[in-house]
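Following: one structure in structure tokens, then a few remarks.
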Amino acid sequence: YVDGDSLDVRIREGMLNWEECPSIIRQSCNAITHLHTMKIIHRDIKPSNILISQKGLVKVTDFGISQARLSFEAKDFTEVLQFMGTPDYMAPELKRLSEANEKTDQYALGMSFWRMFAGVDSRPFGTPLHELHPEIPLELSESISRCIELDPDNRYDSVLEARDTILE
């Protein structure tokens with residue numbers, strides 16, 4: 001239980017202010033970086049899975065389809081390809097049944113940040129964030145756009161690098 005709201009609720013109800021966005025970005029990225037360090041891929045990052053307490057603490061939740069990269073022989077297991085996740089936040093390569101990895105989590109996190117700044121009714125491909133909302137700095141717009149590049153090779157090397165660039 002987290003005494004607060006999800007990022008999704010805050011976006012939909014217009015409860016976000018500029019001052020709290022850097023903290024949400026920092027804490028969300030730190031949580032996902034920690035998962036990646038532990039060799040866990042979340043696979044379903046989205047605003048409804050990012051909870052914010054009354055004190056401003058961010059908790060990433062819902063590990064129902066997360067995937068641990070454990071060290072045993074893959075040949076010992078039957079591989080089952082599955083399409084799992086929330087389509088609006090799912091990296092394009094996952095829709096082609098590619099393996100989930102750190103960059104697919106980065107994409108979903110970037111989509112969540114996009115919604116945080118753009119609002120609930122905006123679509124990420126088309127008008128850049130800074131054109132949609134002129135008060136958004138060009139550098140911030142470009143940093144978030146890089147997280148949601150369709151080609152994973154064009155995304156940041158890590159969520160940590162994305163965090164640092166977005167917050168810069």
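Taken one residue at a time, the phi angles of the range 20-36 give Karplus couplings (6.51, -1.76, 1.60, θ = phi - 60°) of 8, 4, x, 5, 5, 4, 4, 5, 5, 5, 4, 5, 5, 4, 4, 4, 5 Hz. Gly and Pro are set to x. When a 1.4 Å probe is rolled over the protein heavy atoms, the share of accessible surface on the chain that falls to carbon and sulfur comes to 50 percent. Using just its DSSP H runs of length 4 or more, each adding -39500 (n - 2.57), the chain gives a mean residue ellipticity at 222 nm of -11500 deg cm²/dmol after division by all residues. Rounded to the nearest 10 degrees, the inclination of helix 138-147 to the longest alpha-carbon principal axis of the chain is 20 degrees. Modelled spin labels at L16 and V2, positioned 7 Å past Cα toward Cβ, are 1.4 nm from each other.
Accessible surface of K59, taken over heavy atoms with a 1.4 Å probe and every protein chain present, rounds to 100 Å².
Taking 0.36 nm per residue of separation and subtracting the Cα-Cα distance, full extension of the segment from E131 to S158 would add 7.1 nm. Taken along the Cα-to-beta-carbon direction at a fixed 7 Å, the label points for D62 and L167 span 2.5 nm. Scalar couplings 3J(HN,Hα) for the range 7-18, obtained by applying the Karplus form with A = 6.51, B = -1.76, C = 1.60 to θ = phi - 60°, are 4, 4, 4, 5, 5, 4, 9, x, 8, 8, 10, 4 Hz; x denotes Gly and Pro. Seen from D153, the other residues with C-beta closer than 11 Å to its C-beta sum to a net charge of -2, counting Lys and Arg as +1 and Asp and Glu as -1.
What number comes out for accessible area per residue over the chain if the probe is 1.4 Å? Units Å², please.
On the way: 9400 Å² over 168 residues.
Heavy-atom SASA per residue in the chain reads 56 Å².
For the chain, the C-alpha radius of gyration sits at 1.03 times the compact-globule guess of 2.2 N^0.38 Å, with N the residue count.
The values are calculated or read from the model by the stated rules, or taken from the named source; none is laboratory data. Since we're looking at a predicted model, the values are computed, not measured. FYI the Cβ positions are ideal-geometry reconstructions off the backbone, even for glycines, and counts take in every protein chain you see. The area values use the complete protein model at the heavy-atom level, side chains included, leaving out ligands, DNA and RNA. Shrake-Rupley method; radii C 1.70, N 1.55, O 1.52, S 1.80 Å.
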